[in-house]
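This report refers to the structure that appears directly beneath it.
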Amino acid sequence: MTKKQKIMLARILISAAIFFPLFIGEHMGKLEGLAEFPTVFLIFTVPYLIIGWDIVYKALRNICHGQVFDENFLMCVATFGAFGVREYEEAVAVMLFYQVGELFQSYAVNRSRQSISELMDICPEYANIEEDGVLTQVDPDDVEIGSIIIVKPGERIPLDGVVVSGTSFIDTSALTGESVPRQVSEGSEIISGCVNGNGMLKVRTTKEFDDSTVAKILELVENASSKKAPVENFITKFARYYTPLVVMAAVLLAVAPPLVLGEAWGIWIERACIFLVISCPCALVISVPLGFFGGIGAASKAGVLVKGSNYLEALAKMSTIVFDKTGTLTKGEFTVTGIYPREMTEEQLIETAALAESYSEHPIAAAVKAACRKELSMERISDTEEIPGHGILARIDGKRVAAGNMKLMAAENISCEENCGMGTVIYIAVDGKYAGSIVIADRIKPEAGEAILSLKESGVRKTVMLTGDKENVGISVAGELGIDRVYANLLPGDKVTQVEVLLDELSEGEKLAFVGDGINDAPVLSRADIGIAMGSMGSDAAIEAADVVLMDDNPMKIASVIRIARRTLKIVKQNIIFALGVKGLILILGAAGIANMWAAVFADVGVAVIAILNSMRVLQSK
């Protein structure tokens, strides 16, 4: 409990300790000797001011700033009116229970923030730099790219980098939600925000702190609450018009019957005060944002970052999900599975391909280079040109080499036999003559099939896979995973076009999500209703391009966050229906004189507390 909450609790207890004996005494007739004004008025004013002075202050301050119609104003008008008609105990009770509800709300919000505040704790306080054999702690902001930092056992990794020396296990749970530590050694990439385990690591930094994973995640979390869901925006607009209307209705209720019908002023003023207390929109204004905030918190505990409640609501309405294949459903770890030379040996073919791919950072190029056991001399290569979606042209040992797919062979007017092997095929030509082909296969993630099944169980109607691979490869992978539709042989631009076609097929109110690695799929991630990035432990491109970021590469998390989103929206709708239903009923009873101030207190504070309790159930989402 925070200091502010402790002070509020103390005020509630002191005010209650004064009020309840007075309340009991009055109902037992013990205060009859003090019943004359202003004695009893002054007695009840003491607990009222102890518990309600800040509400009165806020109402006056807001009126001075032109913000008249809010819950503080409603509470003041209602309680002042109760004092005016000498319902002193009801005036104090309304303010006391209102503050109990406010305290409960504050506690609930802090509870909802805990999972996100735990994520905020990933921010490192210092970095260790070795100077003249002595470790010096410096601000992570002051560390330049390429510096060597020391990460001791148990310390939080301050910056993204590559391990230079040392072996250890790092705890990634703050980012990924996974409890199993990851082993790192020389050459391993590590990211800021994780905790080093039992070994000392020397790390060469690859990014400045402002560009590091931890800085980008913190910025994302801080901005998440600014992106409101349509339901939240509706409630905000509703409250803006609702409050002035109920104030005017209360004024009419207090004034019209005495003036028109000649009835007693006291009765109708009391009814107007009851009407104001009932009409306070606290339950809606508090519980709806709290529900969405709880949903974002529950997702972050599972290692999923949702950039705003608008995306959480969109996830709840998602009916179609589109996957990129490589790195999303497959591991992206390519290996050479077949070498098919023509008029040269296997060693010569793989060496030629490796030289052609030597400057490329593509995973397929890495697989070809890994399969070549000879040391490659860069001096043999010149005039390298990479053609997106086709392949590479290069001059090797003075000869023109083309390495790529069938589209490249066709563009170069090279006749070759199609290789129908399962996987990605690289065709090689030397000086315009076909030299052979190499088959490279990617492995399906072991959890991918279960993830697709889980999505269908969660209510997703259509699953689609887009790939730049051959059609037979795409059909094979889709069939193994149980994916409904597959589109193959796609260039990056074709994927955007295909997503637009799928968006046109959606019914009104339905949403489409695209899942990619966040690096090559940025245009498609932006075009879909919801872009979900396989964060690969928080890659920059994933965090920038997507609306939802999975902090590890496990597609099972998608079904989890959909369930959290749907549970969140269900609870938010429950709160709206319950709050409006109860308030509407008691407003009618209050205007008719059937409901008293105690019913009004329940309609305001009681409904708000029940709605808050309901919202907190989101945090228990598994």
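The values are calculated or read from the model by the stated rules, or taken from the named source; none is laboratory data. The structure presented is a predicted model; accordingly, all values stated were derived computationally and were not measured. Note that each Cβ is placed from the backbone with ideal geometry, even for glycine, and that neighbours are counted across all protein chains shown.
Applying a threshold of 6 Å to beta carbon distances and a minimum spacing of six or more residues, or different chains, the list of pairs starting in segment 271-289 at a residue that is of a type in the set (Phe, Trp, Tyr) and ending at one that is part of a helix (DSSP H, G or I) and surrounded by 24 or more Cβ atoms within 10 Å (Cβ to Cβ) reads Phe275/Ala250; Phe275/Gly590. Residues in segment 404-437 that are assigned to a helix (DSSP H, G or I) and touching a residue at least 12 places away in the same chain (Cβ under 8 Å): Met406, Lys407, Leu408, Met409, Ala411.
Listed here are the residues, each with its yes/no results for (1) surrounded by fewer than 24 Cβ atoms within 10 Å (Cβ to Cβ); (2) at pLDDT below 90; (3) over 20 Å from the mean Cα position of the chain (by Cα); (4) not small (Gly, Ala, Ser).
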{"site": "Ile286", "(1), (2), (3), (4)": "no, yes, no, yes"}
{"site": "Phe292", "(1), (2), (3), (4)": "no, yes, no, yes"}
{"site": "Lys307", "(1), (2), (3), (4)": "yes, yes, no, yes"}
{"site": "Tyr311", "(1), (2), (3), (4)": "no, yes, no, yes"}
{"site": "Asp324", "(1), (2), (3), (4)": "no, yes, yes, yes"}
{"site": "Tyr340", "(1), (2), (3), (4)": "yes, no, yes, yes"}
{"site": "Glu351", "(1), (2), (3), (4)": "yes, no, yes, yes"}
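Does Val246 fit the bill of being assigned to a helix (DSSP H, G or I) and modelled with pLDDT under 75? Criteria not met by Val246.
All conditions in (1) at pLDDT below 80; (2) more than 19 Å from Phe275 (Cβ to Cβ); (3) basic (Lys, Arg) hold for Arg86, with the sole exception of (2).
For segment 283-397, the helices (runs of 4 or more DSSP H) that sit wholly inside it and include 1 or more residues that are polar (S, T, N, Q) are 309-316, 346-356. Residue pairs whose Cβ atoms lie under 6 Å apart, separated by 6 or more positions or on different chains, with the first residue in segment 254-268 and free of Cβ contacts under 8 Å to residues at least 40 places away in the same chain and the second not in a helix (DSSP H, G or I), are Pro257/Glu263.
Here's the yes/no breakdown for (1) modelled with pLDDT of 75 or more; (2) of a type in the set (D, E, K, R); (3) in a loop (DSSP other than H, G, I, E, B); (4) under 30 Å from Val255 (Cβ atoms):
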| site | (1), (2), (3), (4) |
| --- | --- |
| Phe23 | yes, no, no, no |
| Leu49 | yes, no, no, yes |
| Tyr57 | yes, no, no, yes |
| Val68 | no, no, yes, yes |
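Say we look at segment 500-515 and pick out the residues that are surrounded by 18 or more Cβ atoms within 10 Å (Cβ to Cβ) and within 23 Å of the chain's Cα centre (by Cα); which of these is farthest from Asn405 (Cα to Cα)? Residue satisfying both the conditions and the ranking: Lys511.
Within segment 21-46, no residue that is on the phi < 0 side of the Ramachandran plot sits with its Cβ atom under 7 Å from a residue that is modelled with pLDDT under 70 and small (Gly, Ala, Ser) at 6+ positions apart or across chains. Looking at Ala441, is it modelled with pLDDT of 85 or more and either in a helix (DSSP H, G or I) or not β-branched (Val, Ile, Thr) (or both)? No: the conditions fail for Ala441. When you scan segment 153-165, do you find a residue that is hydroxyl-bearing (Ser, Thr, Tyr) and at pLDDT below 90, even just one? No - not one qualifying residue is present in segment 153-165.
Picking from residues in segment 462-488 that are among the basic types (Lys, Arg) and free of Cβ contacts under 8 Å to residues at least 60 places away in the same chain, the one that is surrounded by the fewest Cβ atoms within 10 Å (Cβ to Cβ) is Arg485.
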